[in-house]
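Single-structure report; data block below.
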Amino acid sequence: MNWDFIRTFAPEYVRAAVLTVRIGFMGIGFSLFIGMAAAVVLHFRIRILHRLAACYIELSRNTPLLVQLFFLYFGLPKLGIRFSAEACGVIGLSFLGGGYMAEAFRSSLEAVDQIQYESAFSLGMNRLQAMRDVIFPQAFATSVPAVIANMIFLLKETSVFSGIALADLMYVAKDLIGLYYRTAEALTMLVVAYLLILLPLSLAGAFLERRLCYAGFGNSDTV
């Protein structure tokens, strides 16, 4: 292991990690919003939008992110629509993640027992109050493990951004291997970088899940 090589090029990985985290969390933020909206549409079977949401989820979950990025970065310019590489990364990650988040939120909404709705209405709550104060808190607590898993999955999916010339972690690793043939050092720094990004998120998710469990969210005795 050449430690001088690692010290020399570690700043490159830091810059790439910042780019990866920035695009990754922007995509995750948009995917959470898209997922929640699609889940509500599916759960309440809103006319027309229900079918559109179902088609979107199938399309986003059954096409690889790299294919989506190629379509955005190389395909759309043929139609006169151009986005920067970073914008394509955010859009592609949001499109992919929205489908997974929608399924996580939808399943958590459906996991709330019907008696919770009935109990809320019997206490004089209207539908909006019941959803805000009773249903959504339980659904959120139930969805935490799936949402955290999806966030980790999406951050790992950023490794394909190098396919559209984004200088992410994978791009830097492949570039250093191609230039200096230091495969062990380049890949070691790549693994360490992803661990430093993903491990805190995983631990934070586990902590949040435990806190919600101790707080009593998600059990059938909420109302």
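The values are calculated or read from the model by the stated rules, or taken from the named source; none is laboratory data. Values in this document were obtained by computation on a predicted structure and should not be read as measured data. So basically every Cβ, Gly included, is an ideal-geometry build from the backbone, and we count neighbours across all protein chains shown.
Using the structure shown, decide if Ser108 is crowded, with 19+ Cβ neighbours inside 10 Å, under 20 Å from Phe140 (Cα atoms), small (Gly, Ala, Ser) and at pLDDT below 90. Taking the combined requirement at face value, the residue satisfies it. Would the range 169-178 turn up any residue that is over 13 Å from Leu208 (Cβ atoms), in contact with a Gly (Cβ under 8 Å, 6 or more places away or on another chain) and among the hydroxyl-bearing types (Ser, Thr, Tyr)? No - not one qualifying residue is present in the range 169-178.
Within the set Ala120, Ala141, the sole residue that is modelled with pLDDT under 85 and touching a Gly at 6+ places or on another chain (Cβ under 6 Å) turns out to be Ala141.
Residues in the range 1-17 that are hydrophobic (A, V, I, L, M, F, W, C) and either modelled with pLDDT under 90 or more than 14 Å from Lys156 (Cα to Cα) (or both): Met1, Trp3, Phe5, Ile6, Phe9, Ala10, Val14.
Looking at the range 68-119, which of its residues are hydrophobic (A, V, I, L, M, F, W, C) and under 18 Å from Phe25 (Cβ atoms)?
Let us first name the residues in the range 68-119 that are hydrophobic (A, V, I, L, M, F, W, C), namely 69-72, 74, 76, 79, 81, 83, 85, 87-88, 90-91, 93, 95-96, 101-102, 104-105, 109, 111-112, 115.
Of everything in the range 68-119, those that are hydrophobic (A, V, I, L, M, F, W, C) and under 18 Å from Phe25 (Cβ atoms) turn out to be Leu69, Ala85, Ala87, Cys88, Val90, Ile91, Leu93, Phe95, Leu96, Met101, Ala104.
Cβ-Cβ distances below 6 Å connect no pair with a first residue in the range 135-150 that is without any contact (Cβ under 8 Å) to a residue 24 or more places away in the chain, a second residue that is of a type in the set (Asp, Glu) and surrounded by fewer than 21 Cβ atoms within 10 Å (Cβ to Cβ), and a separation of six or more residues or different chains. Residue count for the range 72-105 satisfying the condition of being loosely packed, with under 14 Cβ neighbours inside 10 Å, outside any helix (DSSP H, G or I) and not small (Gly, Ala, Ser): 2. Flag not set for Ile164, criterion: among the β-branched types (Val, Ile, Thr) and closer than 23 Å to Met36 by Cα. Residue check: Met1 meets all listed conditions (1) over 27 Å from Ala165 (Cα atoms); (2) within 16 Å of the chain's Cα centre (by Cα) but one, namely (2).
Can you name the residue in the range 68-125 that is of a type in the set (S, T, N, Q) and without any contact (Cβ under 8 Å) to a residue 12 or more places away in the chain and, of all such residues, is farthest from Leu166 (Cα to Cα)?
That would be Ser122.
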